[in-house]
Every structure is written in C-alpha cells, then in structure tokens.
Amino acid sequence: MPLALLALAVSAFGIGTTEFVMMGLLPNVADDLGTSVPTAGHLVSAYAIGVVLGAPLLTAVGSRIPRKRMLLMLMALFTVGNLASAFAPGFGWLIAGRFLAGLPHGAFFGVGAVVAAQLVSEGRRARAVATMFLGLTVANIVGVPAATLLGQHLGWRATFLVVSAIGLCAMAALARLVPYVPVDAHQGLGREMRALGNRQVLLGLLTAVLGFAGVFAVYSYLSAMTTEVMGFGESSVTLVLALFGIGMTLGALAAGPLTDRALRPTLYGSLGALAVVLVVFPFAVHVRWAALVTVVLLGGVGFMTTTPLQMLVMNKAKDAPTLASASNHSAFNLANAGGAWLGGAAISAGWGWTSPALVGAALAVAGLAVAVTAGVLDRERGGVSRIVASADARTARSEAKADAH
C-alpha cells in the first residue's frame, strides 16, 4: 500500500478521536458545565450537524481545487475547530466549536476516499478506502480511550488541545506523503450534482442514515451504560470504549476484501448482524463478560457497513464521485445526530438506559430494507457501475458482477 494512505489514516485518526471522544467525556462535560448527560449529548449532535452541512458545502466550494491542497485546507479547519472547543468559555461556545470541527469531516473523507481509490489498482480500491478508515478504528482503540482518560484526569479541555496537535501532525504528513492529484478538467459542481441525484446513490445515502443511526443510538450513551447498567466503575469506561474500537478495527479489516469481492452481500450481512446484536444488547449488558463481548460485536458489525456503503455511492456516481462520497459522510453523521437524539429521547422518556438498543435495532432493520430494495431495483435495471473513473469495459463488467453478487 502507498505511504500516502498512511497520511490519510493519520488524518482519519485525528478526526475519529475528536468525533468519538465526546461520548466518553459526556459525564465530565455535563458535570463541569452544569448540565445533564442527555443535554450534553447535543454536543455529539452539533459535531454531526457540522458534518452534514459541511460535506456538500465545502466539497462544492472546493470542486476545482487540487485534491492535495483541499485535504490540507480541510485539516487546517479541523484543527481550528478543536482549538475553539478547547478554549470555549461555556456550553454554547462549546457547541459552536464542535460544529466548526465537524464542518470539514465529510468533505475530507469524501476527497480522501477518491484519492485513496486512485492510488491503487482497480481490484484493491475498497481495501485502500478501508485502510484510510482504519485511522478511525484505531482512534477508538487508542485515541478515544487515551483522550477520555486524559479528560478525566486533566479536564476535557486538555483532550481537545491534544487533538489539535494531532491535526497539525496530520497536515505535515499530508504535505509530505500525498502526491499531487489533479482535478478532472471536466469535473464541476453541475456534474457532481447530477451524479448525486442518481437513484442508487440516494438510496445508498438513506441506507447509511437509517442503518448507522442504530449504532449511534447506543454508542452515544455507552459510557453512561458502562457505569449505570454494566456495573463497572468510571475507570473502566476507557476499557469499554477500547473494546468497541477493537470491534470497529476488525470490522474494517474484514470489510475491505469482502467488499472488493461482493459489495451488496457484505452490506446486507452487516446490517442484518447489526440488528441482531442490538436486539441482544439489552439482555447481554447485565452479565459483565457478555456485555464486553457484545460491545466488541457492536463495533465490528456496525463499522463493517461503512466500506460497502462508501464504495456503493462512489460506484453509482461513476466519474463524478467526490460530492457523493462526501455526502455519504453527511449521511453517516446525520445518523450520528439522529441516533444520539433518539437514544437520548428514549432515556429521557424513562424507558431505561438500555432502551436505545431496541431503537437502534429498528433503525438497522429499516436500513436493511432500503438496501435490499435498492439491490432489487439495481438488479432489475441491470446497471453497470464504475468506481471513480474507469473507461475500461472489462473492469466495469467485473465490478458490476461483484456488485450484483
């Protein structure tokens, strides 16, 4: 694999740390700023809304900017957002800082996924994208637990200062390792918008919104569940978050080659498994060892959906994939915001700390239903799909075959 993928993974590590660490810090932030845990959950939603709005907006603004320069600009904005969070004087300012940090997230992964796919041969593109996403998963094994521990001992502001430093390191790696990747002379906002309007792309985005919301309905409140339901002390929160990250990493490692081989079956299987794990979750959490195993499984099957969904929208957007790829991260983070909100609403309604899991199971089933519907429609249409831009008919036929299997 090219070293440029390492730079993308380092950037993903920083983004993943700041995205997910708030789940582990919710009790600390709520206590420090004098609010409740469900209200502090709005900080998760603020970041996600930043991603939802920023992905299409910043991708559109940067549609003519060379991709390496665009990646550097987005990582700079990410670093500024985390600095603003670290020095926020109150809850409202912290909401604003989280929103600012989230703005470049989707656009970065959208552009980064296209760059990663262009760095390798046709048959390894899903693995290249999955390698970039490994930065997110490693963040949940190392970055999030370490940042949570740091926040518990030195205060949550120290966490965002460290993430800002990671952002600066990521910029250095991008500048040094990522080659110049020109923008297609024919590529423009109009072409990207037309690709985004493809029915299969829209169904893929809807699948991401519904299916991935099931993960965040639970994960947003996992730290509270660890102490309130599983019976662990606060010091064990980092262990539970690390186990979730291990599951995410295993899911990402499996998703790359599986997606290269058979895209839609990988997507169907991961969404179906996610629904099953979420149904089991409320029962398993009352037995400590079963709770820990279920957390690993939740991370694994949840994150296994990301690579096939990413490749699906890039496939169907054909030779204008950047906006569709970025919008997929808007969809993931709309799922993040919606899942956190629905999970918090279930808890606030008095349904119990484990109620978000059943809400999540319903969302995963809805996502699976949309994915299967899209697959049936695509099979009936007999469409041929391409990843990024490939004029090779033989490659297109092989990709269409893998997509249909």
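For region 35-75, report the translational diffusion coefficient in µm²/s to the nearest whole number, using Stokes-Einstein at 25 °C, 0.890 mPa s, and a Kirkwood Rh over Cα pairs.
206
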Exercise for review: Just flag the chymotrypsin sites (Phe, Trp or Tyr not before Pro) in region 1-92 sitting in loop per DSSP whose Cβ has no more than 14 other Cβ atoms within 10 Å.
Suggested key: Phe87
Exercise for review: Could you rank Arg379, Arg157 by how accessible they are, 1.4 Å probe, largest area first?
Suggested key: Arg379, Arg157
**Study point:** Point-to-point label distance, Trp93-Ser121, nm (Cα→Cβ direction, 7 Å offset)
**Key:** 5.5
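Dipole size in debye (nearest 20) for the chain around its Cα centre, Lys and Arg Cβ +1, Asp and Glu Cβ -1? Write down the numbers at each step before the final one.
Numbers: 24 positive and 15 negative charges, 236 e Å.
With only Lys, Arg, Asp and Glu charged at Cβ, the dipole is about 1140 debye.
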Exercise for review: Taking the chain as the reference, fit the longest principal axis to its C-alpha atoms, fit the long axis of helix 42-61 to the helix C-alpha atoms, and give the angle between the two in degrees, 0 to 90, nearest 10.
Suggested key: 20
Review point. So how much accessible area does Glu122 have, in Å² to the nearest 10, using a 1.4 Å probe?
Key: 50
Review point. Any idea what angle helix 144-154 forms with the longest principal axis of the chain, computed on alpha-carbon atoms, 0 to 90 degrees, nearest 10?
Key: 30
Exercise for review: As a check on your grasp of the helix formula, calculate [θ] at 222 nm for the chain: sum -39500 (n - 2.57) over DSSP H runs of n ≥ 4, divide by the residue count, round to the nearest 500.
Suggested key: -27500 deg cm²/dmol
Check your understanding: In the chain, what is the volume of the convex hull around the alpha carbon atoms, normalised per residue and reported in Å³?
Key -> 112
Point to revise | Ile166 - accessible surface, heavy atoms, 1.4 Å probe, Å² rounded to 10 | key: 40
Revision key, fill the gap. Given 27-37, 66-76, the highest-first ranking by average Cβ count within 10 Å works out to 66-76, 27-37
Point to revise | List Arg288, Arg64, ordered by accessible area with a 1.4 Å probe, largest first | key: Arg64, Arg288
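Could you give the accessible area per residue of region 68-153, probe 1.4 Å, as a whole number in Å²?
Accessible surface, normalised per residue, equals 31 Å².
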Review point. How long are the three semi-axes of the equivalent ellipsoid for region 288-355, computed from the Cα gyration tensor as the root of 5 times each eigenvalue, in whole Å, largest first?
Key: 31, 17, 6
Review point. For the chain, which whole-number percentage of the solvent-accessible area (1.4 Å probe, protein heavy atoms only) is attributable to carbon and sulfur atoms?
Key: 69
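The values are calculated or read from the model by the stated rules, or taken from the named source; none is laboratory data. As the structure is a prediction and not an experimental result, all values here were calculated from the model. Note that we place each Cβ from the backbone using ideal geometry, even for glycine, and neighbour counts take in every protein chain shown. With ligands, DNA and RNA removed, areas are computed over all heavy atoms of the protein, side chains included. Shrake-Rupley method; radii C 1.70, N 1.55, O 1.52, S 1.80 Å.
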